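**Student:** Next up is a structure, given as structure tokens.
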Ligand SMILES: [Zn+2]
Ligand SMILES: [Zn+2]
């Protein structure tokens with residue numbers, strides 16, 4: 001629903017449910033609920049994650065492993 005002052009915020013609407021957000025990132029994360037896809041891949045071991053926060057957490061473990069490698 002566009003506001004009366006003519007300013008339209010770009011919204012991303014989910015095609016599977018009534019969810020909508022102005023942020024592409026949020027929409028991508030939300031779509032995972034429907035598709036089961038994991039858009040975030042680790043650049044080191046290529047393991048895939050549904051959430052950016054999960055990927056960040058995972059990549060921290062790489063940082064620690066590097067130190068103790070032998
Ligand atoms: Zn949805
Ligand atoms: Zn990894």
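**Student:** Among 32, 9, what is the fewest-to-most ranking by other Cβ atoms within 10 Å?
**Tutor:** Final ranking by Cβ density, sparse to dense: 9, 32.
**Student:** Take the Cα atoms of the stretch 4-47, find their three principal axes, and give me the spread along each one in whole Å, biggest first.
**Tutor:** So the extents along the principal axes, rounded to whole Å, are 50, 21, 8.
**Student:** Given 0.36 nm per residue, what is the gain on full extension from residue 27 to residue 41 after removing their alpha carbon distance, in nm?
**Tutor:** So the extension gain works out to 3.3 nm.
**Student:** Fully extended, how many nm does the chain gain between residue 11 and residue 61 (0.36 nm per residue separation, minus their Cα-Cα distance)?
**Tutor:** Taking 0.36 nm per residue and subtracting the Cα distance, the gain is 14.4 nm.
Read-outs: derived from the displayed coordinates by stated rules, not from any lab. Just so you know, these numbers come straight off a predicted model, no measurement behind them. Ideal geometry is used to build each Cβ from the backbone, glycine not excepted, and the neighbour counts take in all protein chains shown.
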